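Taking it in order: structure first as structure tokens, then the write-up.
The values are calculated or read from the model by the stated rules, or taken from the named source; none is laboratory data. Here the structure is a predicted model, which means the values were calculated and not measured. Quick reminder, even Gly has a Cβ in these numbers, built from the backbone with ideal geometry, and neighbours come from all protein chains shown.
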Amino acid sequence: MTLYLIANALIWTFTSPDTRLAEAADGTSWYRPALALLEHGGFVALDEPAQVETYRPPLYPLFAAAAMTMAGGPSPAAIAASQILLLLLIGLLFRNLVRDWMPGWENFAFALLLFNPNVLSSAQFVQSETLFLAFTTLAFWAAAKYLRYGGQSRYALLTGLAIALACLTRPTAQFLLLALPVLFPLLSVTSGGASWKKSTAQGACSLAIALVVVAPWVALVASQGHGLALSDSEGKYRYIWDQVVIIEAQSSGKSYHDAAARITAPGGAEHDFIASQGEAWKSLDRATRNRSLADEGMAVLLSYPVADFAKALYRSQAQFYLAGGAGNWHNLFDIGAESVSIAWFTNAQDELWPLLQRLFSDVPPVGLVFSALAIGFTVLARLIGLVGIFSLCRTNRWGLLLIIAGIVLYFALIHVFVGNSRYRVAIEPMLMFLTIGGLDQLGRLFGKR
């Protein structure tokens, strides 16, 4: 714990105060709702308080606003400091989980999560990953406790609550709600805990609690014309067209910038769809436009050949599982971050290896060291994690494997073609658990830890 605080103090010392917001991924879109809460006391547009704002779910703006209130006013640094402390609590929760299943490894697991380069760096920025991580870790902890201690109802209900809170932080988690009714019956089968009837009732109650928690926000979003959703229709529209841009770039060998410009220029799918609507398009409200664009984007996306889907999917999965999160470190210390970003978005997305060579050609040596450490940690953890999967199978811990595999695969696939290390933060505890399991198994094979 002391080393963690010292490490963060050192990072804080060598980081420019402006970096925590300026270099945060989508940082402004999370920061402005928090400022609106401070200034206007509601979920409204910062510059137009009469307009309800639901682009971002409520919990991160509430968290950020609370941090800034304690600091006495607008302060990205206060948000980052709160996230650093929150990550410490997440580590303690993970430590408790590991102690249940692999006693003796809990302190190492605690350190492994806190000093994970992807997790540690994410906490430094004004972005929702750390709060989202808190709720996904709580859901993992509660489901594992349910499995460990004979199917107690309180853990089933807490799992539902944690997933609901995750949904109110990032909409990405929303389809996990559908897993709640079947999760606990499956866990009862694998562990011999609660009866089938009891576990089914627990699943239903867990889902009911989750729906009650998210209902007020969903109702607010719906009242603005966006339907039953966790954020307004612009989020869905952007999500789908981001997928189109990526598959277009990779299938045609264009850069991401060129692919995006092509789609919105005359002859491009988005531009031509809007043009085909004629004057009627101008009379539509924003929510209706976004829904129409989302539907058209899905049609365009499904028009690509299966081979292009396969290429984009394997690239996305490789990035999701193996990217080290070094970009955060480059941004924190201003070491080649801009050149990497420009190269990534402006170079042709053809063969992966030449692209990587172009990405790092202008990065200074210290930046390459950060990249090597982050990627090396990630690759080594994944390899040892494979041994951890074998260990869970060998010891017949099928329920635990079900929880971990279900959550990991869900987050790996829900982003479709936009996989990267930032989206992996939410499942790092599950991946680190597999790494610990692998180390434990290797220690047993070699007769020592």
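Candidates E338, E248: the one that is of a type in the set (D, E) and at pLDDT below 85 is E338. Taking the range 242-341 and the helices (runs of 4 or more DSSP H) fully enclosed by it, the elements with 2 or more residues that are out of contact with any Cys (no Cβ under 6 Å at 6 or more places or on another chain) and surrounded by fewer than 20 Cβ atoms within 10 Å (Cβ to Cβ) are at 256-264, 269-276, 280-283, 286-301, 306-322.
Applying the criterion of being of a type outside the set (S, T, N, Q) and in contact with a Phe, Trp or Tyr (Cβ under 9 Å, 6 or more places away or on another chain) to the residues of the range 229-241, the residue that is surrounded by the fewest Cβ atoms within 10 Å (Cβ to Cβ) is E234. Being within 28 Å of R56 (Cα to Cα), among the aromatic types (F, W, Y) and free of Cβ contacts under 8 Å to residues at least 12 places away in the same chain holds for only one residue in W241, W281, and it is W281. Inclusion of S251 among residues that are under 30 Å from G150 (Cα atoms) and in contact with a Lys or Arg (Cβ under 8 Å, 6 or more places away or on another chain) is not warranted.
All of F433, F377, F417, F390 fail the test of being part of a helix (DSSP H, G or I), farther than 23 Å from W141 by Cβ and touching a residue at least 60 places away in the same chain (Cβ under 8 Å), apart from F377.
Just checking, which of F125, F94, F110 is of a type outside the set (S, T, Y) and farther than 28 Å from Y155 by Cα? The match here is F125.
Given the structure, is Y55 more than 30 Å from R95 (Cα to Cα), surrounded by 15 or more Cβ atoms within 10 Å (Cβ to Cβ) and modelled with pLDDT under 95?
On the way: more than 30 Å from R95 (Cα to Cα): yes; surrounded by 15 or more Cβ atoms within 10 Å (Cβ to Cβ): yes; modelled with pLDDT under 95: yes.
For Y55, the condition - more than 30 Å from R95 (Cα to Cα), surrounded by 15 or more Cβ atoms within 10 Å (Cβ to Cβ) and modelled with pLDDT under 95 - is met.
Taken over the range 436-449, the criterion of being over 18 Å from R394 (Cα atoms) and either assigned to a helix (DSSP H, G or I) or free of Cβ contacts under 8 Å to residues at least 40 places away in the same chain (or both) is satisfied by K448 alone.
Restricting A287, A265 to those that are in contact with a Gly (Cβ under 7 Å, 6 or more places away or on another chain), on the phi < 0 side of the Ramachandran plot and not β-branched (V, I, T) reduces the list to A287. Restricted to the range 1-105, the set of helices (runs of 4 or more DSSP H) holding at least 3 residues that are under 19 Å from E129 (Cβ atoms) and β-branched (V, I, T) comprises 76-101.
Taking the criterion of being farther than 22 Å from L114 by Cα and out of contact with any helix residue (DSSP H, G or I) (no Cβ under 8 Å at 6 or more places or on another chain), the residues of the range 369-404 that qualify are T395, N396. Remark: pairs (first residue in the range 250-277, more than 26 Å from A310 (Cα to Cα); second residue modelled with pLDDT of 85 or more and acidic (D, E); Cβ separation under 7 Å; 6+ apart in sequence or on different chains) = F273/E296. For the range 145-185, a tally of residues being among the basic types (K, R) and under 14 Å from the mean Cα position of the chain (by Cα) returns 1. Restricting attention to the range 380-431, the residues that are farther than 15 Å from F320 by Cα and aromatic (F, W, Y) add up to 2. Could you list all residues from the range 170-203 that are of a type in the set (V, I, T), more than 17 Å from R148 (Cβ to Cβ) and surrounded by fewer than 17 Cβ atoms within 10 Å (Cβ to Cβ)? Listed by number, the residues that qualify are V182, T200.
For the range 214-228, the set of residues classified as buried (at least 17 other Cβ atoms within 10 Å of the Cβ) and under 17 Å from I163 (Cα atoms) consists of V214, W217, V218, listed by residue number. Would you confirm whether any residue within the range 9-22 is in the same structural domain as L86 (by TED's automatic domain parsing), loosely packed, with under 14 Cβ neighbours inside 10 Å and aliphatic (A, V, I, L, M)? Yes: one or more hits.
Of the candidates L113, L158, L133, the single residue that is surrounded by fewer than 24 Cβ atoms within 10 Å (Cβ to Cβ) and modelled with pLDDT of 95 or more is L158. On the given criteria, is Y55 among the hydroxyl-bearing types (S, T, Y), in contact (Cβ under 8 Å) with a residue 60 or more places away in the chain and out of contact with any Leu (no Cβ under 9 Å at 6 or more places or on another chain)? Here the answer is yes, as Y55 does meet what is asked.
Evaluating C167 against the criteria (1) buried (at least 16 other Cβ atoms within 10 Å of the Cβ); (2) without any contact (Cβ under 8 Å) to a residue 12 or more places away in the chain leaves one unmet condition, (2).
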